[in-house]
1. Scan the range 43-61 for residues that are within 14 Å of residue 15 (Cα to Cα), touching a residue at least 12 places away in the same chain (Cβ under 8 Å) and not polar (S, T, N, Q) and jot them down.
2. Name the residues in the range 21-44 that are surrounded by fewer than 11 Cβ atoms within 10 Å (Cβ to Cβ), touching a helix residue (DSSP H, G or I) at 6+ places or on another chain (Cβ under 9 Å) and at pLDDT 95 or above, would you?
3. Tell me, yes or no, whether the range 55-64 has at least one residue that is of a type in the set (Ser, Thr, Tyr), in contact with a helix residue (DSSP H, G or I) (Cβ under 9 Å, 6 or more places away or on another chain) and surrounded by 10 or more Cβ atoms within 10 Å (Cβ to Cβ).
4. Is the range 4-17 home to any residue that is modelled with pLDDT of 95 or more and exposed (fewer than 10 other Cβ atoms within 10 Å of the Cβ)?
5. Any residue at all in the range 17-26 that's more than 11 Å from the chain's Cα centre (by Cα) and either without any contact (Cβ under 8 Å) to a residue 24 or more places away in the chain or part of a loop (DSSP other than H, G, I, E, B) (or both)?
Amino acid sequence: MEQPKPPKPEKPDLLRDLWRDQSLLKLHLLDGTVLEGRIKQFDQYNLRVKVEDGTVYLIPKHALVYVEVIP
C-alpha cells in the first residue's frame, strides 16, 4: 500500500505580502534605474508598479536587481 505524502510546507511569498500590504518600495533595475512605488499587480514573470506621479510601469522580474522596502 502506498503511504500518503506529507503536506508540503507553505512557501513564503514576498511579492504577495508586499502587494497585499501596499508597501512603498524602491526597485533597483539592471540598467541602473531606481523606481519608487507600490505593486499594483504581479504574475509569474512581471510586476506592475505605480509610482507617485501616477505612471504605471510593467517591469519584467528578471530586470530586478533588488527591492527595498521603504518604512
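1. Within the range 43-61, 45, 47, 49, 59, 60, 61 meet the criteria.
2. 30, 31
3. The answer is no; no qualifying residue exists.
4. Within the range 4-17 (the criterion being modelled with pLDDT of 95 or more and exposed (fewer than 10 other Cβ atoms within 10 Å of the Cβ)), the answer is no, since none of the residues qualifies.
5. Checking the range 17-26: at least one residue is more than 11 Å from the chain's Cα centre (by Cα) and either without any contact (Cβ under 8 Å) to a residue 24 or more places away in the chain or part of a loop (DSSP other than H, G, I, E, B) (or both).
The values are calculated or read from the model by the stated rules, or taken from the named source; none is laboratory data. Please read these numbers as outputs of a predicted model, since none were measured by experiment. Heads up, the Cβs are rebuilt from the backbone with ideal geometry, glycines too, and the neighbour counts pull from every protein chain shown.
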